[in-house]
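Right, one structure below, let's go through it.
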Amino acid sequence: MLMSLDPRDVVEQTDRMLDYLELDPFALEKYFIGFITRCIDHWAQLSIETISRLFLIIIDRIERGDPLETDKWKYMAHFTSQLRTDYPHVVGSAMDERVQWWHMYFDWPQFTGTVNDLVVYKAVCALQLFDLEQGHPVYNVLSGELTDNQATFVNSIQTSTD
């Protein structure tokens, strides 16, 4: 079983791990975060097909998992912003049928309360996925007071999409 990605075989190892995760996006739960992080670190080595598979697994985890799990939203924000820059058709294809009902993940009240990591990651996702009207609370979240880690994350996403 794959526990970490060997830089020499990153593509083959990633494909094998994805075979497991496509069957069950919660398989290998304790290795998921490390796996996705390593994929992000080796982004340039991965094919668009592999990146698309990863993106769909993250979406699947959001749709079928705990809505308050922070990490999946962090990776969704990262993948969405990177894909919008490199492969916008992947985001469009994956989200085309979902856009109508994905608004439930981004209702206004959650962006008007306490700002935590989950709210920041979801705000970045909302900004990437939807044409939000000026004045939507997402803009206040992202331009408001953030922790150093949150600000670094938001700036890295904005830098990758500029």
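So the values come out like this:
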{"read-out": "Selected residue (criterion: farthest from Lys74 (Cα to Cα)) from residues of region 21-37 that are among the acidic types (Asp, Glu) and either in a helix (DSSP H, G or I) or in contact (Cβ under 8 Å) with a residue 24 or more places away in the chain (or both)", "value": "Glu22"}
{"read-out": "Ser93 being open to solvent by 70 Å² or more (accessible area, probe 1.4 Å), of a type outside the set (A, V, I, L, M), out of contact with any Pro (no Cβ under 9 Å at 6 or more places or on another chain) and over 19 Å from Phe153 (Cα atoms)", "value": "yes"}
{"read-out": "Among (1) open to solvent by 60 Å² or more (accessible area, probe 1.4 Å); (2) modelled with pLDDT of 85 or more; (3) part of a helix (DSSP H, G or I), the one test that Thr114 misses", "value": "(3)"}
{"read-out": "Candidate set: region 55-86, residues that are among the aliphatic types (A, V, I, L, M), open to solvent by less than 20 Å² (accessible area, probe 1.4 Å) and in contact (Cβ under 8 Å) with a residue 40 or more places away in the chain; chosen: the one nearest to Ala123 (Cα to Cα)", "value": "Ala77"}
{"read-out": "Tabulated pairs, region 114-143, first touching a residue at least 24 places away in the same chain (Cβ under 8 Å), second aromatic (Phe, Trp, Tyr) and exposed (fewer than 14 other Cβ atoms within 10 Å of the Cβ), C-beta under 8 angstrom, 6+ apart or interchain", "value": "His136/Trp108; Pro137/Trp108"}
{"read-out": "Check on Ala44, among the small types (Gly, Ala, Ser) and touching a Cys at 6+ places or on another chain (Cβ under 8 Å)", "value": "no"}
{"read-out": "Flag if Gln100 is over 15 Å from the mean Cα position of the chain (by Cα) and open to solvent by 90 Å² or more (accessible area, probe 1.4 Å)", "value": "yes"}
{"read-out": "Scan of region 1-21 for residues that are at pLDDT below 85, touching a Lys or Arg at 6+ places or on another chain (Cβ under 7 Å) and surrounded by 13 or more Cβ atoms within 10 Å (Cβ to Cβ), ordered by number", "value": "Leu2, Leu5"}
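The values are calculated or read from the model by the stated rules, or taken from the named source; none is laboratory data. It should be emphasised that the depicted structure is a prediction, and the values quoted were computed from it without experimental measurement. With ideal geometry, Cβ positions are generated from the backbone for all residues, glycine too; neighbour counts draw on all protein chains shown. What goes into the accessible areas is simple: the full protein's heavy atoms, side chains included, and nothing from ligands, DNA or RNA. Shrake-Rupley method; radii C 1.70, N 1.55, O 1.52, S 1.80 Å.
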